[in-house]
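Here's the structure we're looking at; comments come further down.
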Amino acid sequence: MTQEGWIKAGSGKQVLWFIFAYLPLLPLPSEGFLPNFWSRVLTLSWDSHTHQYMTEQAILTVTLEVLRDVSDQNRALAEDEVRLGRAFWRAVGEVVSSNADTDFTTSTQSNPVYHFDSERIKDSIAMLRQLWTQTVLSVRAKEYQSARYSLGQLFHSLQDFYSHSNWVEMGQKSIYLHLMQPEELAIPVAPEDKPTCSDCFTATCRNNLLPAVTHTQLLTSGYPSSSISKPHGKCSHGGILDKNTALRAKGGINKDSTSPVFSPHHYLHKEAAALATEATQTVLRDLKDTVGDEALLRLFSVKQKPALVFVLDTTGSMFEEITAARLRAHSIIQSRTSSLQQTSTFVLVPFHDPDVGPVYEEEDPNTFMQHLENLIALGGGDEPEMCLSAILLALTHSPPLSDIFVFTDASPKDAHLFDAVKALALKKQSKITFLLTEDPYYTPGRKRRKRRSKEPLPSDRFSLYSSLSSLSGGLTIFTTDLDIQEVSAIVEDNTAADKVTLLHVEGGPELISDYSFRVDSSVKKVILHITGTLAECILTSPSDQSQSLLSGKGPLAELEPSQGLYRISLLLPVQSGHWKLRVVSEGHVTFNVIGDSTVDFLYYFATLANETHPGLARVEGSPIAGAPAFLVMYVTSLDSDTEVSFSHVTLLGAKGERLQQVKLDISSSSSFQAWREVVGLVESVPTVPFCVQLSGRDSTGNEVERVSTEMVHPTHVKIQVSAVPSLVPGHISTVGFEILNHGPARLFTLTADDDCDYLQMKGAQRFPVAEQGLYRSEVNLLTPATARAGATVTLTLTVHDLDSPDSNYAVVYLTVIPPHLDTSPPSCSVARVQSECPSVCTQSSWSVSLVVSDNGRSGLAALQLQKGEGILTLFHNAPFLEDVLDESGNMKKQTHKDKKTSEDHHHRHHHHHSDHKTRLKTGDPPLNISAWAHTASQPLWVDYTSSCCSAQAEVLVWDRAGNTKRCRLTSVEQRSSDRSSDTSGTAAAEFTSIVVSSLLWFLLV
């Protein structure tokens, strides 16, 4: 553990204001080849391509390909885009963020292996393949969040190869297949003692790579000053931010942008970006082939209905609550049955004291309902229960942007987990809503929970629940057993598709309060939820028509009152414009207004990063109070029928008060048809909690407002993780972190929690940090030898000031990988080829026999015929000798009729002896080899036979580690080689003659 001074002069406000001053004068930019879209501005390279753009474009392209394949329709591009949903763009954002963070995170930004720098090409290739295997393991384990993290890192390094190496300068027009496929041809790397560049004395460096490198096809890459020491005569990375550009050989070779100030080989930027984009798409297509269409769509949260997540107290007093949850779940599932192409996630976490779980995470609604039906309200007694433990499990197993509903009547026994629950809820932007049927022994109502102790319970025993719902954007509803069925309607409201928030405020103790919200033309349905107790509630429409909601039916809305919750539905059609609420309340109330609309937004805070690769670095955790920051907004699901122009963001306090308005700079935006990314400068982050409201106008002139309900808690302390290792069974892994104190000298505590109990030491660490100081430390996790490969461990770190509410958090996803990672793909070896294709293709067939085996340690997993009109037959043992040799050991001569008879025999044999062989055709799902073969470690014998009218085929083979072998087969008639003797001496010689007589290649992609 170390502590050192950490002071940086200046706030950076002048730089930020300078950037924003000249932005409106610039033409509309296209995307650039640096970390993210903002890098275009910092490098003055408007017509470049960034890591962000290439990644987003590749994911969108391949996703739409998969959707068209799945739906078997050729729908218009725009129609597909707008239906991808907010969750899709958030998932894409996680991949993009992981990609960009490779340039910003301490452990990776200067490591040449992550960037193909300093001629560490072999090490970088090995890391690419490890990240691939790690991604596949995570997807197969349904750990999609950690899969997106490793995929983003993979994309960054893969894209950097084309910008940082001399691949483009070598005249290569296609991607380097060997990067991801070991069996493809490898280009040698220039020896360490071999000079690679000559001096260049201008910003643009042409022909500075030595002919001995380019002409002999040797790979090299630049040495940045942030990396290892540069040998004499080697190429530099280059650009104004690279100090090595002044060392011989002077200049550089990077193609990161179109700006000569930052990229000496800027004139080759477009070629490098095109290859990097193609390589990114190739990885995604290979991933789709490896894990399947459905898994890829789930990885990116495509077309998924909102998750249904229940945390249920199962003690004896909870019968009515469990029944209400069942009925609501059934209603929701029934309403979703018409959306056959849209999937859902269902999570159930039961709890009482002392048991929590198990977690039921299902994709099948019927299985989920069966788990609910099996719950029994039993036992109990002591009032506190293990509620926060159950919520933490629900957060861990549910996707981001989920609404989590907690049914209980007991306070939490595990209050020490509050920080971990808070951190994970904010990280995932998930809302937690509590439906509390209080213990009436100490409150008005009928007695329910039998307690051993008759001591009064504290009046604030539910305060942690209220805090969690408040900071996450949920609600805390105090109701009764009699009203729980009606109150649970909020579950159905909040899990509807295309739900947006128009207003979310917590009222104070004032008796009379006024609130307002705006409805635009894209909003089709509006529901108000008000918690607390009301004496009067008057609703006024944009046309100044009013209705007293508590007085009965009226022209504007319909009220459904329950104990603890007022549910108000605006009558259809809903008027666009400014709606008002005047409320007379009896104590604290909370207002939440939601509507149905495709227009929504996501956001994050960011700071300038001015290292070798300038850009905007995402702020993890809470932003620093009083400091400047960028607010990056993703506006999602825009279409041709919804023209919206957003102009500004308002930071709102907890009671809805306006704290600060932030102007959005549209000229700096990055956009696809279905979404737009815009940025604004927060000159000084507020010092009090706030939420974000996005404002603009639609095509009819109506104002458009959307609210992100989670509360941002500014702070004066920052925690950032410096190293994210993989977890290896039986080994200890170390996670390093830094704590930066933006306030006076003070005492802090750090708490760490993980969901698998791998942490070696638990409990709070206490340490002092000087004013503007930095403190470094680490935590260790011991992964048990029985840990499953691909599993994810969620680690939360929370730092607290002992004498103030100041705190911050970091969430880390750690993936378990095997001790000896298998990165070797399977192989296909030719055993026999027959090609007798005349000019009339319908009269004959061609065939090839293969031996499929695994070159690594994991064993064969699956095989699929992906392309071709023939039949692929798999055998446990070699079938070839009895088919091709006569009694004397010579090759049999087969006529077309013989072949047809043989094929019919094989077909009959398949039905009667399916345990010895099986058949596949194009369109069949991958064959699970482990379920069919005797052992996955033994080779398989495969025969492919097709009409000569279909001269090509493609076979995919996977091993259990996720490595893929893609075999492309083709038959080309070569009559000069078909004259081999029919009476060859041995079978081996005959096989060799047949192989030579036909053209067959296996291309591993």
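Amide H contacts of CYS200 (H built 1.01 Å from N, in plane; Pro and chain starts excluded): LYS250, GLY251 sit under 5 Å, all sequence-distant by 5 or more or on other chains.
How big is the Kirkwood radius of region 666-775, worked out from every pair of different alpha carbons and given in Å to one decimal?
On the way: mean 1/r = 0.0532 Å⁻¹.
The answer is 18.8 Å.
Evaluating 6.51 cos²θ - 1.76 cosθ + 1.60 at θ = phi - 60° for every residue in region 467-477, the Karplus couplings come out as 5, 5, 5, 5, 6, 8, x, x, 9, 10, 10 Hz, glycine and proline recorded as x.
In this structure LYS122 has an accessible area near 150 Å², from a 1.4 Å probe over the protein heavy atoms.
Take the Cα pairs of region 717-816, get the Kirkwood Rh, then feed it into Stokes-Einstein at 37 °C and 0.692 mPa s and tell me D in µm²/s. D = 234 µm²/s. Solvent-accessible area assigned to carbon and sulfur over region 277-360 amounts to 51 percent, based on a 1.4 Å probe. Using the Cβ of VAL848 as centre and a radius below 9 Å, the other residues enclosed give a net charge of 0, where K and R count +1 and D and E count -1. Between the alpha-carbon centers of region 246-317 and region 938-968, tell me the distance in whole angstrom. Taking the Cα centre of region 938-968 as reference, the centre of region 246-317 is 28 Å away. Over what distance in Å are the Cα centres of region 396-432 and region 784-836 separated? Centre-to-centre (Cα) distance: 24 Å. Considering only the Cα atoms of region 269-391, their convex hull presents on average a projected area of 10.8 nm². Where Lys and Arg each count +1 and Asp and Glu each count -1, what net charge lies around GLU560 among other residues with Cβ under 13 Å from its Cβ? Here the count lands on -3.
The apolar share of the surface of region 127-188, taken as the fraction of accessible area on carbon and sulfur atoms (1.4 Å probe, ligands and nucleic acids excluded), comes to 53 percent. Any chance you could tell me what percent of the C-alpha pair distances in region 765-834 go past 21 Å? The share of Cα pairs beyond 21 Å in region 765-834 comes to 56 percent.
Note on region 204-275: with neighbouring protein chains present and a 1.4 Å probe, carbon and sulfur make up 59 percent of its accessible heavy-atom surface. Once you divide the Cα radius of gyration of region 499-597 by 2.2 N^0.38 Å, the number left is 0.99. Rounded to the nearest whole Hz, the Karplus-based 3J(HN,Hα) values (6.51 cos²θ - 1.76 cosθ + 1.60, θ = phi - 60°) of region 235-240 follow the sequence 6, 8, 5, x, x, 5, with x at glycine and proline. Of the residues MET54, MET127, MET761, ranked by 1.4 Å probe accessible area with the largest first, the sequence reads MET761, MET127, MET54.
May I ask you to order 203-209, 595-601 by the average number of other C-beta atoms within 10 Å around their residues, highest value first? Don't jump to the answer; show the numbers that get you there.
On the way: 203-209: 18.4, 595-601: 21.7.
Listed from highest to lowest mean packing, they are 595-601, 203-209.
Distances between placed amide hydrogens fall under 5 Å for SER844 paired with CYS948, all partners being 5 or more residues away or on another chain. Each of the peptides 545-554, 129-138 was scored by the mean count of other Cβ atoms within 10 Å over its residues; in descending order, highest first, they stand as 129-138, 545-554.
Measuring with a 1.4 angstrom probe and ignoring ligands and nucleic acids, GLU643 comes out at about 120 Å² accessible.
Amide H contacts for SER562 (H built 1.01 Å from N in the peptide plane; partners 5 or more residues away or on another chain; cut-off under 5 Å): ARG567. Got the relative contact order for region 717-816 handy, in percent, Cα pairs under 8 Å and 6 or more residues apart? Result for region 717-816 is 35 percent. The string of couplings for region 95-111 from the Karplus curve (6.51, -1.76, 1.60, θ = phi - 60°) is 5, 4, 4, 4, 4, 5, 4, 4, 8, 10, 6, 4, 6, 10, 5, 10, 8 Hz, one whole number per residue in order, with x for Gly and Pro.
For ARG697, what is the net charge nearby, where nearby means another residue's Cβ is under 12 Å from its Cβ and Lys, Arg count +1, Asp, Glu -1?
Residues near ARG697 contribute -4 overall.
The number of Lys pairs in region 203-336 with C-alpha atoms less than 15 Å apart, excluding pairs fewer than 8 positions apart on the same chain, is 5. The listed peptides 519-527, 571-579, 87-95, ordered by packing as a protection proxy, come out as 87-95, 519-527, 571-579 (highest mean of other Cβ atoms within 10 Å first).
Note on region 164-216 and region 721-743: Cα centroid distance 36 Å, given to the nearest whole angstrom. In this structure region 268-421 gives 34 Å² per residue of accessible area when probed at 1.4 Å with all protein chains present.
With the simple spin-label model, which puts each label point 7 Å out from Cα in the Cβ direction, the SER647 to THR367 separation comes to 5.2 nm.
The values are calculated or read from the model by the stated rules, or taken from the named source; none is laboratory data. Quantities reported herein were computed from a predicted structural model and do not represent experimental measurements. Heads up, the Cβs are rebuilt from the backbone with ideal geometry, glycines too, and the neighbour counts pull from every protein chain shown. With ligands, DNA and RNA removed, areas are computed over all heavy atoms of the protein, side chains included. Shrake-Rupley method; radii C 1.70, N 1.55, O 1.52, S 1.80 Å.
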